[in-house]
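Working notes, structure below.
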Amino acid sequence: MSDTMITAARAILAQNDRGTYTVPTQGLYPFQWNWDSCLSAIGFGHFDEARAWTEIETLFAHQWDDGMVPHIIFHEFDDGYFPGPDVWRTGRAVPTTGITQPAVAGFAVRRLFERARDSDMARSRARALLPRIAAWHDWFFRCRDPRGTGLVAIIHPWESGRDNSVDWDAALDRVPTEGVEPFTRRDTQHANPAHRPTDDQYNRFIWLVQHFRDLGWDNAKLHDASPFRVVDPGFNAILIRACADLAWLAETLDMPEIAARSRAQADKGIAAMETLWSDAHGQYLCFDRAIDAMVPSQSIGGLLATFAAIPQSRASAIAQRIATLGEKLPYLVPSHDPSAPEYDGKRYWRGPIWLIVNYMIADGLAAAGQTAVVERIVSDSLRLIDRGGFAEYYDPMTGEGCGGGSFTWTAAMVIEFLTGERQPA
Ligand code: DGY
């Protein structure tokens, strides 16, 4: 069975391959997305190492001068997606958006490097990428943590990758909608509207884009000028893990300055993560920096924190919480607590399961020695493929595939689950 699944997964990667980058899926997402690409590269790494490195290099070829790596690179014209370059207007030769996405590149590069069959190629390609990834991490701490707390804020829900999470509801309600230019959504022409964010959320998403555009995409200004500033434990855990992985790579490749800086960023971040822990909820929570308040929303962002080297006691509390969720649900891990009134098992990040998040949680919990729950997550992930195909996300109750189909990073994660060894962080 696993051979057939791997063959099917590889066919999806091939179908979405555009030569030097992959699209997440045809139609719904016709460009290069930042964290999709880095996680998909890990899948390519199992059968075409050179192609895997190219995926990440293409992304970093579009890094901004200030260090930011955009969330979408609009390589080719396609009017089947909204909002396109005419809305973002970032003024780049190859258009990009003006916001970023979860910083998985450092992690992905370490994984490719450690598994390399061609170690000379891996050394030279990793060496070239390291200063660029380090510049991106420096950008995060400079521009999204201007007071030096050790944790960064997202300034747009799209930056988190968890666009319509319940975590953002209250903060997004404070984002105005006056002055939003008329638009036609394209996502709902490709996917079931009941699986996608609402029109009200889209209005607020676009208001933020217009606001940042009016500020000239000047990252020295955007953090403080944004009415939406949320510290997401999952987003920070990914960045902290990437800093730790970059430190390891830089030590291995004899790049001592990057090693020291990255290690310091990771250590400071891990210590600061404690401020997001909630005993009452048994998980980490978001912090709304615009109003200085915790966000009492039990989403997967607080469970994804296991991807960083959090204290053992926190990892076991999270494993316990996931095991308890598993008593109520046939499939793990839901993106929101199913007992919450806002839970919606088919609507994007308000309940559905995402295989990339399952992968990162499983990786972190494996490093913490939580084998039983890891086995359950991995086997549920593969059962979901059987039940719902290579979908964008899945209903945790029925296993139905939702959103887009033939999804690149879902396919990459399947290859990982079936052939990649889980390694200590
Ligand atoms: C979308 O268009 O749905 C994306 O999630 C934004 O990155």
- With a ≥ b ≥ c the root eigenvalues of the C-alpha gyration tensor of segment 31-141, is it rounded (a/c under 1.5), prolate (a/b larger than b/c) or oblate? prolate
- Ellipsoid semi-axes in whole angstrom, largest first, where each is sqrt(5λ) of the Cα gyration tensor of the chain: 27, 25, 24
- Message: Going by Cα centres, segment 77-121 and segment 37-63 are how many Å apart?
- Response: 10
- Note on the structure: The farthest towards the positive end of the charge dipole of segment 1-153, of the residues 83, 58, 24, given +1 on Cβ of Lys and Arg and -1 on Cβ of Asp and Glu, is 58
- Task: Pairs of Cα atoms under 8 Å, at least six residues apart: use those to get the relative contact order of the chain, whole percent.
- Result: 17
- Under 12 Å from the Cβ of residue 17, count the other residues' Cβ atoms, weight Lys and Arg +1, Asp and Glu -1, and hand me the total. +1
- Task: Return 336, 195, 190 ranked ascending by Cβ neighbour count within 10 Å, so the fewest neighbours appear first.
- Result: 190, 195, 336
- Note on the structure: Ignoring GluC sites (Glu not before Pro) buried by more than 11 other Cβ within 10 Å or outside DSSP loops, the longest site-free run in the chain is 179-420
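Among the complete DSSP H segments of the chain, which ones combine at least 15 Å of alpha-carbon extent along their axis with a mean Kyte-Doolittle hydropathy of -0.5 or more? Walk me through the numbers on the way to the answer.
Values: long enough: 2-16 (21 Å, 0.31); 34-44 (16 Å, 0.50); 49-60 (17 Å, -0.22); 119-143 (35 Å, -0.26); 199-214 (22 Å, -1.08); 233-252 (28 Å, 0.81); 256-273 (25 Å, -0.25); 312-328 (25 Å, -0.36); 355-367 (18 Å, 1.49); 371-388 (25 Å, 0.24); 408-419 (17 Å, 1.19).
Those that clear 15 Å and a mean of -0.5 are 2-16, 34-44, 49-60, 119-143, 233-252, 256-273, 312-328, 355-367, 371-388, 408-419.
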- Item | Estimated distance in nm for a label pair at residue 89 and residue 198, the labels positioned 7 Å out from Cα along Cα-to-Cβ | 2.9
- Note on the structure: In whole angstrom, the spacing between the Cα centers of segment 185-211 and segment 365-425 equals 27
- Task: May I ask for the net charge around residue 28, where only other residues with Cβ less than 12 Å from the Cβ of residue 28 are counted and Lys, Arg are +1 while Asp, Glu are -1?
- Result: -1
- Item | the chain - charge dipole about Cα centre, Lys and Arg +1 at Cβ, Asp and Glu -1, debye rounded to 20 | 440
- Note on the structure: Computed over segment 291-425, the Cα gyration tensor eigenvalues, each multiplied by 5 and square-rooted, give semi-axes in Å (largest first) of 21, 20, 13
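What's the FRET efficiency of residue 271 with residue 50 using the Cβ-Cβ distance as r and R₀ = 41 Å, to the nearest 0.05?
0.60
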- Additional length obtainable on full extension of the chain from residue 183 to residue 313, 0.36 nm per residue less Cα span: 42.0 nm
- Using just the helices of the chain, give the 222 nm mean residue ellipticity in deg cm²/dmol: DSSP H runs with n ≥ 4 each add -39,500 (n - 2.57), and the total is spread over all residues, rounded to 500. -15500 deg cm²/dmol
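The numbers here are math on the coordinates, done by the rules we state, and not lab data. It should be emphasised that the depicted structure is a prediction, and the values quoted were computed from it without experimental measurement. Every residue, glycine among them, receives a Cβ derived from its backbone with ideal geometry; neighbour counts consider all protein chains shown.
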